[in-house]
Amino acid sequence: MRFLLMPIRSNKQGVQINVGKDGADYNAVVNTMQAHPDDLKELGAASGATIRVRTDVGEATFQVVEAKVSRGMLFVPYGPPTCQLYGGDTDGTGMPTSKGWEVEVEVVSREPQASAKEPQ
Amino acid sequence: MTLAVVKHATCTGCGCACDDIEVHTDGARVTRAVNACELGETWFRDHSPNPNLPPALIDSKPASLADAVALAADLLHAANLPLIYDHGYSTCEAQREAVALAESVGGIIDSYTSQCHGPSFVATQLVGKVSCTLGEVKNRADFLLYWGCNPAETHPRHTSRYALHPAGKFTPRGRRDRTMVLVDVEETATAKDADQFFRIREGTDFEALSAMVALLRGQPVDERRVAETGFTVAQLRALLDRMKAARFGVMFFGLGLAATRGGHGNVGAAYRLAMELNAFTKFVALPMRQHGNLVGSDMVLRWTTGYPFGVSLSRGYPRYNPGEFTTTDLIARGDIDAALVLGSSAAPGFANVPTIEIGPKLTRTGTIPRVQIATAATGVSAAGTVCRMDDLPMPLRPALTSALPTDEDILNRVLAEVRKKPAWYPQLKGEAQIA
Ligand code: SF4
């Protein structure tokens, strides 16, 4: 199933960067995506399930939780996993385009994982 | 345990650089940061000096500071094209030393700006910019348009301290004297504070902003093309009427514009709109800059080299070219053969080159740099100057002292070591020319 990927900045992400990027909480925050409940249903995944997200340049796995977001979009705080999804092409601007990537999503495990964080 | 309170400390947790923080310490750690938001509170608390941190690590093993500095100088001096990458957490004083170091080793200097608001700078260079300080926003602005940003999450005191809520000289009733409109792809937490929220279709900011400029000029626009942005022409007209009716309007924009494809075009369209509105009223546009002292990095690079980021000093004079001398591109092409990362953990992209890390938190997982040097945290235990998102310099009032040196000290020492070596470019005779 295809989605638009929207990496974002969030308060919890900023707080966990201050605490330390080596921490489990930081990793949980940047590994947790938000999706519309109907999209999760269509994927056949429960809130907290593990998904694999693929672009032309890379892939990463995330926990996905349901949240009040638009259909067809995935929101996730910027972090090491999102960096796997966009490559080094900056269209000559120096800035990797990070928002609005079309991504392919497949479910890795349908059941909730303990580390999934509440919507950021 | 000595309890101490420092008033009017400056927080560098985000680009707001709030300078009204009352920092309480027990002599060793920050215990409270009164007035700070949660982000600022953790900034102070979690950057308290860590007594367990070794002064330096070489290949993950504890090393003396002198050895670490010497190896850092060797690696940078031996490299054909070293990169000095500033993550934007250091003081302006340290950043100036970083420019001098880049020049001494004939390298490239770039900052995290190239990976966030770099396109906003390119837009400024293409279009120009009408700007103001946050003090003017507080005292004068009666119309606020937040576009592609979410200050409730990323700059938690932006609306309460500078923009929407505070009573100002010409906005004495605070929130009641102001109108706030939010445009974003999602109804974020900031929408709760807005008088009006518009959901824009992802990737159509340039089109919507350009249509607004056209409508402002009385030019025809295609209703169907406008509808593709999520707006109707009537909505854009009504929004423009509100903007024109303001006494002082401000557009704050974030990565929703700058980090979407064609970011410089998006921001350029926002700047153009703000400029054209000055035919009707006073209107400005400002980027929502991020953490630490990223703005200071741009400022220091501008006053020393003439350019804000992505500057090569490999020919002995500054050359600027986003896409060529910017970190993401340099890593992707494999152009650099050593890197000094200032202020933060090295990104995985630096895995293939010997890397030197200088900062208050040393990387423990992932790609471990060859040389790691621990320093005092900016504003918590290191003094100096940082710049707020509106380019205003702010003095720091650190509440703690640290046994660790500052970033500036370390860069100075590395620079001194490099200058003992043969100059890479004879005319320079080992002396810094710019910074
Ligand atoms: S808004 Fe920003 S600068 Fe102000 S206290 Fe919060 S993190 Fe610090």
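The values are calculated or read from the model by the stated rules, or taken from the named source; none is laboratory data. Worth saying up front: this structure is predicted, and the values here are computed from it rather than measured. Here the Cβ positions follow ideal geometry from the backbone for every residue, glycine too, while neighbour counts run over all protein chains shown.
If B:CYS11 passes every condition in (1) more than 16 Å from the ligand (Cβ to nearest atom); (2) within 14 Å of another protein chain (Cβ to nearest Cβ); (3) outside any helix (DSSP H, G or I); (4) surrounded by 24 or more Cβ atoms within 10 Å (Cβ to Cβ) but one, which one does it miss?
(1)
What number of residues within the range A:21-46 are surrounded by 17 or more Cβ atoms within 10 Å (Cβ to Cβ) and at the interface with another protein chain (Cβ under 10 Å from one of its Cβ atoms)?
3
Test B:VAL5 against the stated conditions and say whether it is within 16 Å of the ligand (Cβ to nearest atom) and either closer than 24 Å to B:ASP409 by Cα or not in a helix (DSSP H, G or I) (or both).
No, not satisfied.
Can you tell me which residue among B:ALA72, B:ALA17 is modelled with pLDDT of 95 or more and more than 10 Å from the ligand (Cβ to nearest atom)?
Of B:ALA72, B:ALA17, the one residue that is modelled with pLDDT of 95 or more and more than 10 Å from the ligand (Cβ to nearest atom) is B:ALA72.
Residues being surrounded by fewer than 21 Cβ atoms within 10 Å (Cβ to Cβ) and more than 22 Å from B:GLY349 (Cα to Cα): count how many of those fall in the range A:67-99.
6
Taking interchain pairs and intrachain pairs at least six residues apart, which have beta carbon atoms under 7 angstrom, with the first residue in the range B:124-138 and of a type outside the set (Lys, Arg) and the second assigned to a loop (DSSP other than H, G, I, E, B) and surrounded by 17 or more Cβ atoms within 10 Å (Cβ to Cβ)?
Qualifying pairs under 7 Å: B:THR133/B:ASP390; B:LEU134/B:ARG388; B:LEU134/B:ASP390.
From (1) within 12 Å of chain A (Cβ to nearest Cβ); (2) more than 16 Å from the ligand (Cβ to nearest atom); (3) closer than 26 Å to B:ARG161 by Cα, pick out the condition that doesn't hold for B:CYS116.
(2)
For the range B:45-59: of the residues being touching a residue at least 60 places away in the same chain (Cβ under 8 Å) and either within 16 Å of the ligand (Cβ to nearest atom) or farther than 23 Å from B:ILE410 by Cβ (or both), which is surrounded by the fewest Cβ atoms within 10 Å (Cβ to Cβ)?
Selected residue: B:SER48.
Answer yes if at least one residue in the range B:161-178 is within 16 Å of the ligand (Cβ to nearest atom) and assigned to a strand (DSSP E or B), and no otherwise.
no
Quick one: would you say B:LEU65 is in contact with a strand residue (DSSP E or B) (Cβ under 6 Å, 6 or more places away or on another chain), surrounded by 20 or more Cβ atoms within 10 Å (Cβ to Cβ) and either farther than 30 Å from B:GLY310 by Cα or in the same structural domain as B:TYR320 (by TED's automatic domain parsing) (or both)?
Here the answer is no, as B:LEU65 does not meet what is asked.
Taking the stated definitions as given, is B:GLY334 surrounded by fewer than 23 Cβ atoms within 10 Å (Cβ to Cβ), assigned by TED's automatic domain parsing to the domain that holds B:TYR85 and on the phi > 0 side of the Ramachandran plot?
Yes; evaluated as a whole, the condition is true for this residue.
Considering only residues that are under 30 Å from B:VAL137 (Cα atoms), more than 9 Å from the ligand (Cβ to nearest atom) and either within 11 Å of another protein chain (Cβ to nearest Cβ) or among the aliphatic types (A, V, I, L, M) (or both), which ones fall in the range B:20-44?
Within the range B:20-44, B:VAL23, B:VAL34 meet the criteria.
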